[in-house]
Amino acid sequence: MSQISVRNVSKHWGVMAAVEAVTFEAAQASLLVLLGPSGCGKSTTLRLIAGLEEVSDGRIFIGGEDVTDLPPARRHISMVFQSYALFPHLSVAENILFGLKVRKTPKADRSRRLERVASLLGLGAQLERKPSQLSGGQQQRVALGRAIIAETPVCLMDEPLSNLDAQLRAEMRHEIRTLQQKLGITMVYVTHDQSEAMSMADQVILMREGRVEQAAAPDHLYARPATAFAARFIGTPPMNILTLSPGDDGTVIAGSQARILSQPVEGLLLGLRPEDVTLGGEGIAARVLNAEYLGADTVLTCAVGSQALTTRISGKATSAPDAAVRLAWRPENLHFFDAASGHRRDDVAAFAATDPGGSTQKRLA
Amino acid sequence: MSPARLRTHLHGWLLLLPAAVLLAAFTYYPAIATVLDSFFSTPRGARPSIFVGLDNYQAMVQDPIFWRALDNNILYSMSTIPLTIALALLMAVWVNGKIAGRPFLRMAFFTPTVLPMIAVANIWVFFYVPGYGLVDQVLGLFGLPAHNWLGNEHTALACLIVVAVWKDAGFFMIFYLAALQQIPPQLREAAALEGAGRWYFFRRVTFPLLMPTTLFVLINAVINSFRLVDHIIVMTRGGPDNATALLLFYIYQVGFKFWDTAYAATLTVVLLALLAMLALGQFLFLDRRIHYQ
Ligand SMILES: Nc1ncnc2c1ncn2[C@@H]1O[C@H](COP(=O)(O)OP(=O)(O)O)[C@@H](O)[C@H]1O
Ligand SMILES: [Mg+2]
């Protein structure tokens, strides 16, 4: 059953549409990530679900109930803010208990729940401290504690980890995911970090300029991006998007002889993930532009015709700039997009040439 | 000391010198001289000033007008301070909210502060004029009789209190407004999600977070209430029958009307001691209960 249902929701500030006709559903006890570049309307969408902003159009359902016109307090949700929004003059315990005190929960019940949340989050030793005396990670935990002590079925998070350093972020990411599954919370999680989305989400809603670009599970989003934008947004380094042009006997990478399709097709983009490109053997001819050594692997940028193509190879690359190399890939790893609309074009995949170099090479099946 | 360091020190002192000279000449010397003067008699004509020990203080204790002025001042402070602060806070919360014409309201509330004290006093004298002043005209609409507000022993001090509150509330509002804008709006949203109402949020979050401002405003309000003199000179001259004589006005009268400078110095020392005690008490008592960001 879907716990949260956002139906055709729009939000306009004057003439500017921050969110436009957004529709998605979050299943019970699942983690849904709203992903997208800064300014694409993720926070606004989350705030609409929370009731902190009023929708311009559309309906929002939580737990089967239409909450579109209900105030935040009556939507049975909790929320973690990007800035944590801790009350600076209250102790950690008071911060966590704030909501229970507002709702006049009995004292015995309060202390029992506080104890449980504190031990769950490892905050037992900090309960009497003020937020300013805590580290960033501990403050984050307090904000989390304030959200989960309410025991609401739905929890909303707006970039909760963006103020933490990289290592802590990875730890907390795991911790939040574990907590969400353990407590069976339905969570809507906003982030602009695709790796956060990929590692945590059951379902990703990729947004762009106020609209849903693609809604899919992380593996699907990676394997079959619906648009060139989605293709570029997921994965590090991002997917190569190359311009194709119709040649003499098929479609080639613009400015080169590298044959991609056996039929000439106009206005097409080729998507190719760096990790799907292999070096050496009998691939197409390319020239190394630049090599970025990252430790476990090296990102090699090569020129193919007028286009640049990155490839990720393990270890340290031996190829120096300007060296001639050969690049190869499997036909099933090619993605095609319409150059004008950016939409995925699976119809042309059937024409994929098995010999990208135009030669008669045979590659691993 | 090496020449280079010596030069640094010299430069430092030279830079401090102008401010130090001004402070010494106009703050420290007069303050010390006042304390010393309070132990001497006032020089009159051929009689020079002589050391009289605590005689001036003894005279003060037996001076009924001093006690009247002190009583008046305590009453004046006890009413203006809470009223001003409450009104300032109320106005600040109001103009901080999302209402139409907010910039206009902010300016309107602040205007009394910008007006010169003497002009303010004159305007209010006119308001209080028996019969055709604004106050009586408005009351007349309800059929109430004319009243000599400033001429009546029982209403004169209240009239001054109203003027002081009207004048200072806008000034203090600015401090509250600045402090309110420092409070992140997410705090209100976080509280709203928990179902906290406006009053609950104000009581548990806004007001405690405003405490540093409240302490600052409180100390200023206390000082203001003990240094009022211009309104009194314009509006009542301390009358009728010393009903509006406050401490500083009485000091002014003793010093510059009766030219009893030694007694004026004595009163000044007492006023300063009183203010110092109040400020210290406020800091020691309140500072521990305040959360500073
Ligand atoms: N209160 C507001 N008033 C006007 N415009 C806003 C407001 N809040 C957000 N916006 C605009 O809406 C768009 C989406 O914002 P937001 O949802 O915060 O993006 P993000 O995906 O980075 O969280 C942005 O262009 C932003 O400038
Ligand atoms: Mg945002």
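The values are calculated or read from the model by the stated rules, or taken from the named source; none is laboratory data. In this text, all values refer to a predicted model and were calculated from it rather than measured experimentally. FYI the Cβ positions are ideal-geometry reconstructions off the backbone, even for glycines, and counts take in every protein chain you see. Please note that ligands, DNA and RNA were not included when accessible areas were found on the heavy atoms of the full protein model with its side chains. Shrake-Rupley method; radii C 1.70, N 1.55, O 1.52, S 1.80 Å.
What the table below lists for this structure:
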| read-out | value |
| --- | --- |
| Matching residues in segment A:60-72 - criterion: being among the hydrophobic types (A, V, I, L, M, F, W, C) and surrounded by fewer than 18 Cβ atoms within 10 Å (Cβ to Cβ) | A:61, A:70 |
| Boolean, residue A:116 is out of contact with any Cys (no Cβ under 9 Å at 6 or more places or on another chain) and either more than 14 Å from chain B (Cβ to nearest Cβ) or in contact (Cβ under 8 Å) with a residue 12 or more places away in the chain (or both) | yes |
| Inter-residue pairs, beta-carbon under 7 Å, first within 16 Å of ligand 2 (Cβ to nearest atom) and in segment A:79-91, second part of a loop (DSSP other than H, G, I, E, B), 6+ apart | A:80/A:160; A:82/A:159; A:82/A:160; A:82/A:162; A:83/B:184; A:85/B:184 |
| Within segment B:236-262, tally of residues that are open to solvent by 40 Å² or more (accessible area, probe 1.4 Å), among the hydrophobic types (A, V, I, L, M, F, W, C) and in contact with a helix residue (DSSP H, G or I) (Cβ under 7 Å, 6 or more places away or on another chain) | 1 |
| Some residue of segment B:175-182 being open to solvent by 30 Å² or more (accessible area, probe 1.4 Å) and either within 10 Å of another protein chain (Cβ to nearest Cβ) or in contact with a Pro (Cβ under 7 Å, 6 or more places away or on another chain) (or both) | no |
| Boolean, residue A:21 is of a type outside the set (Lys, Arg) and closer than 11 Å to residue A:55 by Cα | yes |
| Test: residue in segment A:188-195 that is hydrophobic (A, V, I, L, M, F, W, C) and modelled with pLDDT under 95 | no |
| Residue within segment B:198-207 that is within 10 Å of chain A (Cβ to nearest Cβ), touching a strand residue (DSSP E or B) at 6+ places or on another chain (Cβ under 7 Å) and surrounded by 21 or more Cβ atoms within 10 Å (Cβ to Cβ) present | no |
| Extreme residue, farthest from ligand 2 (Cβ to nearest atom), among residues of segment A:30-40 that are open to solvent by 10 Å² or more (accessible area, probe 1.4 Å) and in contact (Cβ under 8 Å) with a residue 24 or more places away in the chain | A:30 |
| Filter result for residue A:49 (within 16 Å of ligand 1 (Cβ to nearest atom), among the hydrophobic types (A, V, I, L, M, F, W, C), assigned by TED's automatic domain parsing to the domain that holds residue A:185 and under 24 Å from residue B:186 (Cβ atoms)) | yes |
| Complete set of residues in segment A:129-149 that are within 14 Å of chain B (Cβ to nearest Cβ), surrounded by fewer than 18 Cβ atoms within 10 Å (Cβ to Cβ) and of a type outside the set (Lys, Arg) | A:132, A:133 |
| Members of segment A:291-316 found to be farther than 14 Å from residue A:238 by Cα, in a strand (DSSP E or B) and open to solvent by 80 Å² or more (accessible area, probe 1.4 Å), listed by number | A:292, A:293, A:314 |
| Candidates A:187, A:157 - the one that is aliphatic (A, V, I, L, M), within 16 Å of ligand 2 (Cβ to nearest atom) and buried (at least 21 other Cβ atoms within 10 Å of the Cβ) | A:157 |
| Tally, over segment B:45-66, of residues that are under 14 Å from residue B:254 (Cβ atoms) and out of contact with any helix residue (DSSP H, G or I) (no Cβ under 7 Å at 6 or more places or on another chain) | 2 |
| Filter result for residue A:121 (open to solvent by less than 20 Å² (accessible area, probe 1.4 Å) and among the aliphatic types (A, V, I, L, M)) | yes |
| Single condition residue A:33 does not satisfy, out of (1) touching a Phe, Trp or Tyr at 6+ places or on another chain (Cβ under 6 Å); (2) within 14 Å of chain B (Cβ to nearest Cβ) | (2) |
| Helices (runs of 4 or more DSSP H) wholly inside segment B:1-79 containing at least 3 residues that are surrounded by fewer than 12 Cβ atoms within 10 Å (Cβ to Cβ) | B:3-23, B:29-37 |
| Checking residue B:291 against (1) in contact with a helix residue (DSSP H, G or I) (Cβ under 7 Å, 6 or more places away or on another chain); (2) within 28 Å of residue B:150 (Cα to Cα), the condition it does not meet | (2) |
| Residue A:152 β-branched (Val, Ile, Thr), within 14 Å of chain B (Cβ to nearest Cβ) and either open to solvent by 20 Å² or more (accessible area, probe 1.4 Å) or away from ligand 1 (no atom under 16 Å from the Cβ) (or both) | yes |
| Restricting segment B:263-293 to residues that are within 30 Å of residue B:53 (Cβ to Cβ) and either surrounded by fewer than 10 Cβ atoms within 10 Å (Cβ to Cβ) or of a type outside the set (A, V, I, L, M, F, W, C) (or both), the residue that is nearest to the other protein chains (Cβ to nearest Cβ) | B:281 |
| Index of the failed condition, residue A:260 passing every other in (1) in contact with a strand residue (DSSP E or B) (Cβ under 6 Å, 6 or more places away or on another chain); (2) within 16 Å of ligand 1 (Cβ to nearest atom); (3) open to solvent by less than 10 Å² (accessible area, probe 1.4 Å) | (2) |
| Candidate set from segment A:3-16 (those that are away from ligand 2 (no atom under 16 Å from the Cβ) and open to solvent by less than 40 Å² (accessible area, probe 1.4 Å)); member that is modelled with the lowest pLDDT | A:3 |
| Residues located in segment B:184-193, provided they are over 12 Å from residue A:52 (Cβ atoms) and crowded, with 17+ Cβ neighbours inside 10 Å | B:187 |
| Where a residue in segment B:181-205 is in a helix (DSSP H, G or I) and its partner, wherever it lies, is open to solvent by 40 Å² or more (accessible area, probe 1.4 Å) and of a type in the set (Ser, Thr, Tyr), with Cβ under 8 Å and at least six apart | B:186/A:83; B:191/B:200 |
| Residues that are within 16 Å of ligand 2 (Cβ to nearest atom), open to solvent by less than 30 Å² (accessible area, probe 1.4 Å) and assigned to a loop (DSSP other than H, G, I, E, B), drawn from segment A:190-214 | A:210 |
| Of all residues making up segment A:40-54, the number that are within 14 Å of another protein chain (Cβ to nearest Cβ) and at positive phi | 1 |
| Filtered residue count, segment A:55-72, keeping only those that are in contact (Cβ under 8 Å) with a residue 12 or more places away in the chain and away from chain B (no Cβ under 14 Å) | 10 |
| Selection within segment A:73-109 - within 16 Å of ligand 1 (Cβ to nearest atom) and open to solvent by 60 Å² or more (accessible area, probe 1.4 Å) | A:82, A:83 |
